[in-house]
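Asker: To start, I am sharing the structure in question, which I have written as C-alpha cells.
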Amino acid sequence: MKRKLDYIIESDDDCRLVFRFYPRSSSCHSFNEEPPKSWGDVYKVYYSWAILIQFFDEEGAIRYTKTVYKDDFDECSRIDEIAARCKYLAKGKEKIELEHQGDKYTVALLDTNVIPIGMGTTWKILKREYNDIDYGYHISYLFEVWGYNEQGYRFYISQERIQDFGEYLQMCCDYMLEHGEPI
C-alpha cells in the first residue's frame, strides 16, 4: 500500500500547498468478514489526510514542511461527496436534482456545510468571482475544512483545476476501496 497520495493545490518559487492523503493510516471497512468489493459493501471509512505547506530552499529542494490542517481520523469521511461536488462544479452546475423514495429535492453544491456522520471534517465550498487588472475575470472556489475540535483551514482552487481536484479525491477513495478490509 502506498504511503501517501499528494495533490499540489498551488505552487510558486518559494513554497507549495499540498493536500496529502495517507492510505496506510486510513481504512475502508465492509459489513462482514469479506473485504468490500463496491461502495454498497462499505460499512464505514476512516481517512487520514492533511494540508501542508512545503517551503523550498534556493535550489528548489524542500527545506521544511508545515502542517496547516490534519485529520488523522476522519470518521465517515465526506471526501467522496466533495469529489462529486467538484465534478459537478466543473460542469457549471451549482445545484443538482436528486430523488429518494419518489421524493425529489434540490441539493445546493455551494455555501452549504457537508457534515460527516462521525467525528470527521466538515467541508464547505464557496464560489469567488474576480475581475482584476492582472488576470481579468476568473473564478476560484474557496474550500473551508473544519474539524470537530473547531480548528480549520481555507484554500482556493481555480475553476480550471476543480475537475482535477475532484478526480484526485475520488482516486483516494477508490484506492482505499481496492485495499478495503473486513469489519
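Asker: Just name the residue that is nearest to residue 71 (Cα to Cα) out of those in the stretch 15-61 that are charged (D, E, K, R) and touching a strand residue (DSSP E or B) at 6+ places or on another chain (Cβ under 6 Å).
Answerer: Just the residues of the stretch 15-61 that are charged (D, E, K, R), to begin with: 16, 20, 24, 33-34, 37, 41, 44, 57-59.
Now restrict to residues that are touching a strand residue (DSSP E or B) at 6+ places or on another chain (Cβ under 6 Å): 16, 20, 41, 44, 57.
On the way: 16: 20, 20: 11, 41: 24, 44: 16, 57: 28 Å.
Among them, the one singled out is 20.
Asker: Sticking with this structure for a sec: Go through the stretch 28-40 and report how many residues are assigned to a loop (DSSP other than H, G, I, E, B) and either hydrophobic (A, V, I, L, M, F, W, C) or in contact with a Ser or Thr (Cβ under 9 Å, 6 or more places away or on another chain) (or both).
Answerer: If we filter the stretch 28-40 for residues that are assigned to a loop (DSSP other than H, G, I, E, B), which is where we start, we get 31-38.
Narrowing further to those that are either hydrophobic (A, V, I, L, M, F, W, C) or in contact with a Ser or Thr (Cβ under 9 Å, 6 or more places away or on another chain) (or both): 31, 36-37.
The qualifying residues number 3.
Asker: Tally time: how many residues in the stretch 46-60 are modelled with pLDDT of 95 or more and either on the phi > 0 side of the Ramachandran plot or not hydroxyl-bearing (Ser, Thr, Tyr) (or both)?
Answerer: The total comes to 8.
Asker: Same structure again: Do you know which of the residues in the stretch 144-178 that are among the aromatic types (Phe, Trp, Tyr) and over 19 Å from residue 111 (Cβ atoms) is farthest from the chain's Cα centre (by Cα)?
Answerer: So the residue we want is 148.
Asker: Next question, about the same structure. Suppose we keep only residues that are among the hydrophobic types (A, V, I, L, M, F, W, C) and open to solvent by 40 Å² or more (accessible area, probe 1.4 Å) within the stretch 10-40. Which one would you say is farthest from residue 80 (Cα to Cα)? Step through it out loud before you land on a result.
Answerer: Taking the stretch 10-40 and keeping what is among the hydrophobic types (A, V, I, L, M, F, W, C), we get 15, 17-19, 21, 28, 31, 39.
The next check asks that each one be open to solvent by 40 Å² or more (accessible area, probe 1.4 Å); those that pass are 31, 39.
Values: 31: 19, 39: 11 Å.
Out of the qualifying residues, it is 31.
Asker: Residue under question is residue 129, and the condition is that it be open to solvent by 80 Å² or more (accessible area, probe 1.4 Å), at pLDDT below 95 and closer than 19 Å to residue 68 by Cβ; does it hold? Quick ask: steps written out before the conclusion?
Answerer: Numbers: open to solvent by 80 Å² or more (accessible area, probe 1.4 Å): yes; at pLDDT below 95: yes; closer than 19 Å to residue 68 by Cβ: no.
Taking the combined requirement at face value, the residue does not satisfy it.
Asker: When the stretch 1-27 is examined, which residues are found to be outside any strand (DSSP E or B) and either closer than 11 Å to residue 50 by Cα or out of contact with any helix residue (DSSP H, G or I) (no Cβ under 9 Å at 6 or more places or on another chain) (or both)?
Answerer: So the first thing to find is which residues in the stretch 1-27 are outside any strand (DSSP E or B), and the list is 1-4, 12-14, 22-26.
Selection gives 4, 12, 13, 14, 22, 24, 25.
Asker: In the stretch 61-75, what count of residues is obtained for those that are modelled with pLDDT of 95 or more and among the aliphatic types (A, V, I, L, M)?
Answerer: Number of matching residues: 1.
Asker: Since residue 43 meets every condition but one in (1) open to solvent by less than 50 Å² (accessible area, probe 1.4 Å); (2) touching a residue at least 40 places away in the same chain (Cβ under 8 Å); (3) more than 20 Å from residue 2 (Cα to Cα); (4) part of a strand (DSSP E or B), which condition does it not meet?
Answerer: Just one mismatch for residue 43, condition (1).
Asker: Against the definition (aromatic (Phe, Trp, Tyr), within 24 Å of residue 117 (Cα to Cα) and either open to solvent by less than 40 Å² (accessible area, probe 1.4 Å) or free of Cβ contacts under 8 Å to residues at least 24 places away in the same chain (or both)), how does residue 7 come out, yes or no? Even if it seems obvious, please write down each step before you answer.
Answerer: Working: aromatic (Phe, Trp, Tyr): yes; within 24 Å of residue 117 (Cα to Cα): no; either open to solvent by less than 40 Å² (accessible area, probe 1.4 Å) or free of Cβ contacts under 8 Å to residues at least 24 places away in the same chain (or both): yes.
So residue 7 does not fit the description; no.
Okay, residues lined up against (1) surrounded by 12 or more Cβ atoms within 10 Å (Cβ to Cβ); (2) in contact (Cβ under 8 Å) with a residue 40 or more places away in the chain; (3) assigned to a strand (DSSP E or B):
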| site | (1), (2), (3) |
| --- | --- |
| 123 | yes, yes, yes |
| 148 | yes, no, no |
| 167 | yes, yes, no |
| 183 | yes, yes, no |
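Asker: Further question: Quick one: is residue 50 under 24 Å from residue 115 (Cα atoms) and among the aliphatic types (A, V, I, L, M)?
Answerer: Working: under 24 Å from residue 115 (Cα atoms): yes; among the aliphatic types (A, V, I, L, M): yes.
When the stated conditions are applied, residue 50 passes them.
Asker: Here is a further query. Which of the residues spanning the stretch 150-165 are part of a strand (DSSP E or B) and free of Cβ contacts under 8 Å to residues at least 60 places away in the same chain?
Answerer: Of the residues in the stretch 150-165, the ones part of a strand (DSSP E or B) are 152-158.
Result: 154, 158.
The values are calculated or read from the model by the stated rules, or taken from the named source; none is laboratory data. Since the model is a prediction, treat every value here as computed from it, not as a measurement. Cβ: placed from backbone, ideal geometry, glycine included. Neighbour counts: every protein chain shown. Ligands, DNA and RNA are excluded from the accessible area calculation, which covers all protein heavy atoms including side chains. Shrake-Rupley method; radii C 1.70, N 1.55, O 1.52, S 1.80 Å.
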